[in-house]
Amino acid sequence: MKPSTRWIALLLFFMMILSPLTVWATVTPIPEVLRYEPNLRLSSRYRTPTLEAGEEIRLAIPLDNIGRGEARNIHVTLNVDDPDSFPFEIDRAVLRRGVSSIEGQNRSDAPLYLTVRSNVATGLYPVNFSVEYTGTDPDNRYSFSDTVYVKVENSLALPRLTIDKVDIPGNQMQSGSVGVVRIWVKNTGELPLKSIQANLEGFGSNGLYLENTQRLRQVEVLEPGDSSHLDVPIRVEAGLEEGRYAFQVKLTSQDQYGKTYESTEDVYIPVSGTGFAAGVLAIESVKVPTGSVSPYSDFSVSLQVRNTSSSPVEDILVNVNGGEALLPKTPAIQQINSLAPGEAQEVSFIFFAKDDIEGKNYPLEIRVEPMQESSSNDAVVQYTGVLVGNTGGSSSTPKIIIDQYRIPTDYIEAGSSFPLNLSFFNTHQGESVRNIRISLTSEGDVFSPVGSSNTFFIQRIAPGSRVAREITLRPRPDAGYKIHNVYADIEYEDNDGNAHTTRELIGVPVIQEARLVFGEVETGMEAFTGNPLPVSLEFYNAGRGQIRNLVVSIDGEFDTSDGALYIGNMEGGASNYYDATIIPLEQGEMSGKVIFQFDDEIDQQHVVEKTFDINVMEMTGPPEGFMPEEPPMEQPGSGVLPWVIGGVIVAAIAGGVWFRRRRKKKLEEVEDDE
């Protein structure tokens with residue numbers, strides 16, 4: 001051995017003795033998040049749920065502890081900033097939920113049991129919440145706030161008061177007469193109403209007067225579909241001309257949550273004159289729909305005309321007029337050729353309600369008069385009403401939406417097949433849809449169907465009904481980590497055979513696999529008790545997804561001062577290596593493990609261990625019984641110490657040369673990669 005080499009070996013030996021725990025890599029400072037403190041946040045696993053108005057639900061707030069320390073005494077509180085926009089019932093709700101603890105790098109849910117308000121409108125609602133917690137030391141308090149969203153579907157008819165019908169004595173009033181008009185008020189919604197008030201307005205200037213000064217009528221409660229009546233005493237001004245005179249009823253009510261509803265409807269009072277027809281002809285047995293009618297739906301109106309005189313009456317005209325809201329499909333004027341004394345004849349008409357009108361009670365005017373020359377007052381007039389359902393706008397075009405869809409997991413792994421469940425909902429309450437063709441596509445052809453076509457057919461969906469379908473899809477193996485869109489192009493027909501198209505959007509989250517593989521643990525030299533031993537291990541990210549916050553440590557039946565080595569992030573296909581120095585303690589088989597801790601792209605924590613075994617030998621001196629023949633004095637190089645020093649020097653030289661060659665090789669590989 002050259003002198004220079006010998007001195008280098010001795011220098012390496014003393015460096016290893018003085019600093020046996022040298023790490024042969026640059027140690028990056030461990031970020032704050034890796035310290036033993038808790039760090040809670042809203043989990044990326046949260047998915048916006050679709051809720052039905054009026055149902056009791058379980059809203060789970062998923063929490064991730066991305067810190068290393070345990071979070072304790074966790075309290076999740078829903079913050080109600082505006083009760084009117086809060087979609088849940090407040091009076092009966094428990095808005096605070098406790099969770100005892102969440103270990104570091106773990107997750108848990110904080111479930112809250114709530115009831116969706118029955119009167120909440122369909123839409124997307126924010127739900128604000130705050131989280132308070134402590135660490136293992138109760139004096140260390142932490143908190144954060146965030147927002148989740150819930151989607152509410154409300155198929156319930158919202159509360160609405162309407163005037164169902166009006167009872168007038170004799171179906172009309174004479175000028176100068178007094179009578180009691182009974183007004184029937186009905187709750188046409190699907191929620192109960194309370195504190196109902198009817199305020200009467202519009203009297204005096206029109207020739208109609210209230211017989212008392214009480215203009216306010218009250219009803220306590222009306223359940224869905226129930227009716228109640230209000231008796232209104234009315235006096236008709238003497239000499240008032242024949243015609244139709246109106247007053248207004250302003251209806252005010254509250255639902256079970258205290259929300260107020262208001263509407264105003266007109267009530268028409270027919271006032272008849274004293275001409276020829278009024279004393280000869282009578283209108284009887286008027287029949288109109290008892291319930292509400294839908295726009296563009298036909299309904300019939302029938303009545304009887306009776307000759308109340310002792311002489312025949314010929315050429316009688318019957319006219320039914322619904323104004324601009326109720327339109328006739330049959331002629332609105334019909335003729336009766338003759339009626340014998342006391343004879344009655346039935347007359348019928350077909351009407352329909354115009355589209356895009358407000359849901360309320362609309363009047364029908366029935367006028368019976370002879371054709372011979374007479375004054376304009378020579379007619380019998382009677383009014384009735386038809387209730388048109390409140391459709392909230394145009395209802396002539398049915399629409400199909402995807403109201404629910406499900407995938408089996410929070411994230412779909414690229415290249416793996418999964419079932420996609422779809423629910424198609426016909427939002428129209430009065431018309432079915434048919435011959436429905438659905439075609440699924442995606443941006444960049446990320447998803448492809450498995451075992452079927454991307455198109456399927458549905459024969460019919462009834463009004464307000466759903467049909468479910470399932471299709472198996474597979475994302476491309478190289479699909480990136482993000483939410484990829486699936487488009488559903490829907491073609492369908494309405495009852496009249498008119499073709500319609502629509503497009504719905506579905507978001508499917510896709511992740512790439514983060515897969516860590518490693519080689520064998522290498523030492524490069526024999527292991528002796530009490531001697532520093534270098535170990536090394538290569539590892540690779542064999543997946544396409546990114547490995548994040550990678551931390552490598554070593555543990556086993558040995559001493560080491562090497563702490564956790566923070567590597568950071570590793571892209572797919574990248575490689576690295578880990579070096580550490582250990583000191584075996586006992587002779588024989590020694591076990592150890594290299595521990596890898598990392599997060600994937602969706603913050604799931606993974607722990608992978610590589611175990612290894614090393615045979616440790618005891619450091620020995622010269623052979624037993626070996627002694628010099630004449631040891632008059634201790635010669636240089638004799639005794640046990642030289643053997644120990646020699647063994648250590650040999651081990652140090654071998655380890656240093658192996659480490660130097662290996663380090664040089666790694667640096668060359670890194671330079672080649674660059």
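Give me the distance in nm between label points sitting 7 Å out from Cα along the Cα-to-Cβ direction at H75 and I595, one decimal.
3.4
Give a quick list of trypsin sites (Lys or Arg not before Pro) in the stretch 384-486 that DSSP marks as loop, anything other than H, G, I, E or B, with at most 16 other Cβ atoms within 10 Å.
In loop regions of the stretch 384-486 (DSSP not H, G, I, E or B), the sparsely surrounded trypsin sites (Lys or Arg not before Pro) are K399.
Under unit Cβ charges (Lys, Arg +1; Asp, Glu -1), what dipole magnitude, rounded to 20 debye, does the stretch 446-576 have relative to its Cα centre?
700
Amide H neighbours of I412 under 5 Å, counting only residues 5+ apart in sequence or on other chains, H built in-plane at 1.01 Å?
Long-range HN contacts for I412: V510, I511.
At a temperature of 20 °C and a viscosity of 1.002 mPa s, determine how fast the stretch 302-360 diffuses translationally according to Stokes-Einstein, using the Kirkwood radius over alpha-carbon pairs as Rh; express D in µm²/s, rounded to the nearest whole number.
164
So what's the convex hull volume per residue for the Cα atoms of the stretch 101-151, in Å³?
Value for the stretch 101-151: 105 Å³ per residue.
Please list, in order along the stretch 467-475, the HN-Hα scalar couplings obtained from phi with the Karplus expression 6.51 cos²θ - 1.76 cosθ + 1.60 (θ = phi - 60°), rounded to whole Hz, x for Gly and Pro.
10, 9, 9, 10, 9, 9, 10, 9, x
Based on alpha-carbon centroids, what's the gap between the stretch 282-297 and the stretch 217-247 in Å, whole number please?
Taking the Cα centre of each part, the stretch 282-297 and the stretch 217-247 sit 19 Å apart.
Distances longer than 14 Å among the Cα atoms of the stretch 186-259: what percent of all pairs is that?
Pairs farther apart than 14 Å: 65 percent.
Using a simple spin-label model with points 7 Å from Cα along the Cα→Cβ vector, what separation in nm is obtained for R406 and D613?
Computed distance between label sites R406 and D613 equals 4.9 nm.
May I ask you to derive the FRET efficiency for D231 and T260 from their Cβ-Cβ distance with R0 = 25 Å, giving the value to the nearest 0.05?
Efficiency for this residue pair is about 0.50.
How many angstrom lie between the Cα centre of the stretch 105-172 and the Cα centre of the stretch 576-596?
56
Could you state the accessible area per residue of the stretch 394-547 in Å², with a 1.4 Å probe and every protein chain left in place?
Heavy-atom accessible area per residue stands at 47 Å².
Given 0.36 nm per residue, what is the gain on full extension from A499 to S101 after removing their alpha carbon distance, in nm?
Difference between extended and current length: 137.6 nm.
Could you list the GluC sites (Glu not before Pro) in the stretch 311-349 that lie in coil according to DSSP, counting only those with at most 10 other Cβ atoms within 10 Å of their Cβ?
Listed in order of number, the matching sites are E324.
Rounding to the nearest 20 debye, state how big the charge dipole of the stretch 320-474 is about its Cα centre with +1 on each Lys and Arg Cβ and -1 on each Asp and Glu Cβ.
Using only the charged Cβ atoms, the result is roughly 760 debye.
Spelling out what I want: for every residue of the stretch 550-562, take phi, set θ = phi - 60°, compute 6.51 cos²θ - 1.76 cosθ + 1.60 (Karplus), and round to whole Hz; glycine and proline get x.
So the Karplus estimates, Gly and Pro as x, are 6, 10, 10, 9, 10, 8, x, 8, 7, 9, 7, 10, 6 Hz.
Once you have the Kirkwood Rh of the stretch 122-220 from its Cα pairs, apply Stokes-Einstein at 10 °C and 1.306 mPa s and quote D in µm²/s.
Result for D is 81 µm²/s.
For the stretch 214-303, state which trypsin sites (Lys or Arg not before Pro) are in a DSSP loop and have at most 16 other beta carbons lying within 10 Å of their beta carbon.
When the trypsin sites (Lys or Arg not before Pro) of the stretch 214-303 are filtered for loop state and at most 16 Cβ neighbours within 10 Å, R215, K259 remain.
Could you tell me which of G225, G258, G291 has its Cα farthest along the dipole of the stretch 219-291 towards the positive end, charges placed at Cβ (Lys, Arg +1; Asp, Glu -1), taken about the Cα centre?
The residue sitting most towards the positive pole is G291.
Over 24 Å between C-alpha atoms is what I'm after, so list which of K250/K360; K250/K329; K151/K354; K165/K259; K165/K399 land there.
K250/K329; K151/K354; K165/K259; K165/K399
What accessible area per residue comes out for the stretch 297-373, rounded to a whole number of Å², with a 1.4 Å probe?
I get 49 Å² per residue for this part.
Quick check: pseudo-label points 7 Å beyond the Cα along Cα→Cβ at Q605 and N199, how many nm apart are they?
Label-label distance for Q605 and N199, simple model: 6.3 nm.
Ordering M590, M525, M371 by how much accessible area each has at a 1.4 Å probe, largest first, what is the list?
Largest accessible area first, the residues go M371, M525, M590.
According to the Cα gyration tensor, what semi-axes, each the square root of 5 times an eigenvalue, does the equivalent ellipsoid of the stretch 124-175 have, listed from largest to smallest in whole Å?
Whole-Å semi-axes of the equivalent ellipsoid: 62, 13, 8.
Between beta-carbons, use under 15 Å as the cut-off and find the net charge around F518, counting Lys and Arg +1, Asp and Glu -1.
Once all neighbours under 15 Å are counted, the net charge is -2.
Given R₀ = 35 Å, FRET efficiency for Y209-T50 by Cβ-Cβ distance, to 0.05?
So, using R0 = 35 Å, E works out to roughly 0.05.
Hey, can you grab everything whose amide H is under 5 Å from the amide H of V616? Only 5+ residues off in sequence or another chain; H modelled, so Pro and N-termini drop out.
Excluding prolines and chain starts, which carry no amide H, the hits are G588, E589, M590.
Treating the Cα atoms of the stretch 52-131 as identical point scatterers in vacuum, please give the log10 of the normalised Debye intensity I(q)/I(0) at q = 0.12, 0.18, 0.20, 0.27 Å⁻¹, two decimals.
Per q value, in the given order, log10 I(q)/I(0) is -0.40, -0.77, -0.88, -1.32.
The values are calculated or read from the model by the stated rules, or taken from the named source; none is laboratory data. Given the structure is predicted, the values throughout are model-derived calculations rather than measurements. Ideal geometry is used to build each Cβ from the backbone, glycine not excepted, and the neighbour counts take in all protein chains shown. For the accessible areas, the whole protein counts, side chains as well, though only heavy atoms, and no ligand, DNA or RNA atoms are used. Shrake-Rupley method; radii C 1.70, N 1.55, O 1.52, S 1.80 Å.
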